[in-house]
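The values are calculated or read from the model by the stated rules, or taken from the named source; none is laboratory data. Keep in mind it's a predicted model, so treat the numbers as computed, not measured. Here the Cβ positions follow ideal geometry from the backbone for every residue, glycine too, while neighbour counts run over all protein chains shown.
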Amino acid sequence: MPVPVPRQRAIPAAEGGQAHAASHNGGTTQVSVETGAGAPRTAGPAASDTDRAGTAPGRAETTAHTNLTLLLIEDDPAGSPIVPDLLDQAGKPIRVRTARNLTEAERLLTDDVHCILLDLALPAPGRTRNTDTAADGSGEADDHDELAVLKHVLQLAPRHAVLALTASGDAERGAEAVRVGAQDYLFRDELDGRLLSRAIRYAVERKRSDSAERRLAEGRMRAQENRRLERGLLPTPLLEGSSLRFAARYRPGRSRALLGGDFYDVVRTSDGTVHAMIGDVCGHGPDEAALGVELRIAWRALTLAGLCGDELLGTLQQVLEHERTNDEIFATLCTVDIEPDGRRAGLCLAGHPSPLLARPGLPAQLLPYDNNGPALGLLPGARWPRMQVELGSEWSLMLYTDGLIEGRVGDSGERLGQDGMVEMVRRQIDTGLRGEQLLQAAVNEVRELNGGELTDDVAVLLLDRADAR
């Protein structure tokens, strides 16, 4: 069956807030509107005209320079127009398009439609007006759902404001329409231009406000879910039975994120050895953060399985090569395995800055990094020598990522660097700072020197051993 040609009425401006009476079929008709409990006003219907309609439904948004457009969905058997003259807040005429059925209405839901005025007397899909017989001839009418047509329109146009049009005295049905999702309801035989115009503006703004609130709530929910997920992916050190003290600070460079491309972990194996690791995936996005988590979890599993040194790093490189999004992604890594007596450690560096060692009576210094191997993912078949390091009976060992040393120093643009960091930590240790306080002071001073937040991820962990004598 061919779709009826849609009508488009261009509504002329009204004077003094009241609409002009217009003749229709040789007579003049006076109509009024009531929005909820509003008082009725008189107005005349507007002359009709035709206009083109688009084909794609779009978002219902307005600007200060855009005329409002109303889509009227009604099927009046008498063919008389029911909408009077309408003006927007700026005094511009509100354009009216008319659809005789839901199929035609879907065609007319273009980007410039801001509000829908739906006659609730319109038959629901699959039904005809003034009949209680179902479309399949079964005689089972959809009497239990008088708002089926409204629900269909709300599904068809979820981003558009909707005004429900019902018979005078049927306020209960109108109120139910609002509960279902319409912005307001009007009485069909009491339409008034000024109050109807106000109802349209109100419906559009209310829909916009509701949509903004919904998007805000959805955004907050996604942010909370992301934070719970990221918090669950942060490491929990496994140091039960160890006399070493542990502290860490972590600051992702991504705004409002808990995870960045930096990662760290500490575990104690069954033989009493304490293994510590810190690494940095190049880049700062969520993909890099995800890869960092994968490498950390792989490191923990491989370490608990007994791997260390070159064998462990070679296996991690295979993990990185299989999981990275492109071949240019690499990761730097520093691993330390501290013997059960706490006096010696093995050190492996894969393109990563060397840890800082502080001992009583001696200036803090960097551990040797002459045998530093390449970053993971750069060279197939690479090797990473394991260096033996003497720690002593009492010490503090600080592992960090380059976010701590690449911040700027004042207005000169010069970077802090490893030498600047070593000097800073020496000074802070001399003031008596240890553990958590030392790391917090170091991160805070780096931020202050940089003149604000650091753009790179920062991860720092500290292991302390006190003299057991």
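Here are a few things to note about the model shown:
- Taking each residue of segment 440-463 that is assigned by TED's automatic domain parsing to the domain that holds residue 419 and under 14 Å from residue 414 (Cα atoms) and looking for partners that are surrounded by fewer than 18 Cβ atoms within 10 Å (Cβ to Cβ) and of a type in the set (A, V, I, L, M, F, W, C) with beta-carbon atoms closer than 6 Å, six or more apart or interchain, yields 449/409.
- Leading residue by the ranking (nearest to residue 280 (Cα to Cα)) among those in segment 326-350 that are in contact (Cβ under 8 Å) with a residue 60 or more places away in the chain and of a type in the set (S, T, N, Q): 332
- Among the residues of segment 366-380, some residue qualifies, meaning at least one is touching a helix residue (DSSP H, G or I) at 6+ places or on another chain (Cβ under 8 Å), within 21 Å of residue 420 (Cα to Cα) and part of a strand (DSSP E or B).
- Scanning segment 446-455 finds no residues that are at pLDDT below 95, assigned to a loop (DSSP other than H, G, I, E, B) and touching a Pro at 6+ places or on another chain (Cβ under 9 Å).
- Within segment 84-120, the residues that satisfy the criterion of being in a helix (DSSP H, G or I) and under 17 Å from residue 182 (Cα atoms) are 102, 105.
- Selection status of residue 213, surrounded by fewer than 18 Cβ atoms within 10 Å (Cβ to Cβ), of a type in the set (D, E, K, R) and either assigned by TED's automatic domain parsing to the domain that holds residue 443 or modelled with pLDDT under 85 (or both): no
- Residue within segment 412-428 that is touching a strand residue (DSSP E or B) at 6+ places or on another chain (Cβ under 7 Å), buried (at least 20 other Cβ atoms within 10 Å of the Cβ) and in a helix (DSSP H, G or I) present: yes
- Extreme residue, nearest to residue 455 (Cα to Cα), among residues of segment 252-287 that are buried (at least 24 other Cβ atoms within 10 Å of the Cβ) and either out of contact with any Asp or Glu (no Cβ under 9 Å at 6 or more places or on another chain) or polar (S, T, N, Q) (or both): 264
- Some residue of segment 378-394 being more than 25 Å from residue 270 (Cα to Cα) and among the aromatic types (Phe, Trp, Tyr): no
- Residue tally, condition within 15 Å of residue 348 (Cβ to Cβ) and polar (S, T, N, Q), over segment 372-398: 2
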